[in-house]
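To start, the structure itself, in structure tokens.
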Amino acid sequence: MKRSLYTIILASLLISACTNAQVNKTTNMDSLKKDNPVFSKTDTNKVDLSNAEWKKILPADVYHIAREKGTEMAFTGKYWNSKEGGTYYCAACGNPLFSSNGKFESSCGWPSFFEPISKGSIIYAPDNSHGMQRTEVMCGKCKAHLGHVFDDGPPPTGLRYCINSVILDFEKAREAEKNFNSKGK
């Protein structure tokens, strides 16, 4: 009896682990860009795809955040504690969102910014889910869910854009300058 109970528990754990591994599948950003026909850091046209179309071109973790309004666990994202200089882009479409100059340490466990890179890079919507009144922030180009904005940030804006790392693509300042200079020649 005990042996069969242990076997059932072990089988359940293995099935659960396999399921979670598939759900948490991630893709590196280079392959994401290559396989995503709407990803562009220069095209400013709005992107309007169905969720079915997004599901075909985005990795599962990016799709979950962008289209299902998911949230990564605090203190686990690749950019929550990053101090590198550069630009943060939407991982779904390539829209420039935030400069590292607007990033600050908020101790909330997610990358925090006090202002977007431009007025049109972010759009806002009321979010009353989970019994809270918040303001959702989305990409101004593709409407991907990014996170939320709160009014407890530092000067000069007093805002804290709390953003999921999964939905961010980062380009270091030196790389951006090198890419810009090579295109201008």
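The values are calculated or read from the model by the stated rules, or taken from the named source; none is laboratory data. Remember, predicted model here, so these are calculated numbers, not experimental data. Counting neighbours? That spans all protein chains shown, and the Cβs are built from the backbone with ideal geometry, glycine included.
Listed by first and then second residue, the pairs with beta-carbon distance under 7 Å, at least 6 apart or on different chains, first residue in the range 101-112 and farther than 18 Å from Phe170 by Cα, second buried (at least 19 other Cβ atoms within 10 Å of the Cβ), are Ser106/Ser112; Ser106/Arg160; Cys108/Cys162.
Could you list, in sequence order, the residues of the range 125-154 that are at positive phi and either of a type outside the set (Gly, Ala, Ser) or in contact with a strand residue (DSSP E or B) (Cβ under 7 Å, 6 or more places away or on another chain) (or both)?
Initial filter on the range 125-154 (at positive phi): 130-131, 143, 147.
His130, Lys143, Gly147 - these are the residues of the range 125-154 that are at positive phi and either of a type outside the set (Gly, Ala, Ser) or in contact with a strand residue (DSSP E or B) (Cβ under 7 Å, 6 or more places away or on another chain) (or both).
The condition of being surrounded by 13 or more Cβ atoms within 10 Å (Cβ to Cβ), among the polar types (S, T, N, Q) and either at pLDDT below 95 or in a helix (DSSP H, G or I) (or both) holds for only one of Thr42, Thr27, that being Thr27. Here Trp110 fulfils each of the conditions (1) touching a strand residue (DSSP E or B) at 6+ places or on another chain (Cβ under 6 Å); (2) over 16 Å from Ile163 (Cβ atoms) apart from (2).
Conditions (1) of a type outside the set (S, T, N, Q); (2) modelled with pLDDT of 95 or more, marked per residue:
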{"position": "Asn128", "(1), (2)": "no, no"}
{"position": "Lys141", "(1), (2)": "yes, yes"}
{"position": "Gly147", "(1), (2)": "yes, yes"}
{"position": "Asp152", "(1), (2)": "yes, yes"}
{"position": "Ser165", "(1), (2)": "no, yes"}
{"position": "Asn179", "(1), (2)": "no, no"}
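Total residues in the range 105-120 satisfying the condition of being more than 16 Å from His148 (Cβ to Cβ) and either of a type in the set (Phe, Trp, Tyr) or touching a Phe, Trp or Tyr at 6+ places or on another chain (Cβ under 8 Å) (or both): the figure is 1. With the structure loaded, tell me whether Lys83 is in contact with a strand residue (DSSP E or B) (Cβ under 6 Å, 6 or more places away or on another chain), more than 20 Å from Ala66 (Cα to Cα) and either surrounded by fewer than 14 Cβ atoms within 10 Å (Cβ to Cβ) or among the basic types (Lys, Arg) (or both) or whether it fails that test. No, not satisfied. Against the conditions (1) of a type in the set (Phe, Trp, Tyr); (2) farther than 29 Å from Pro37 by Cα; (3) surrounded by 16 or more Cβ atoms within 10 Å (Cβ to Cβ), Phe98 satisfies every one except (2).
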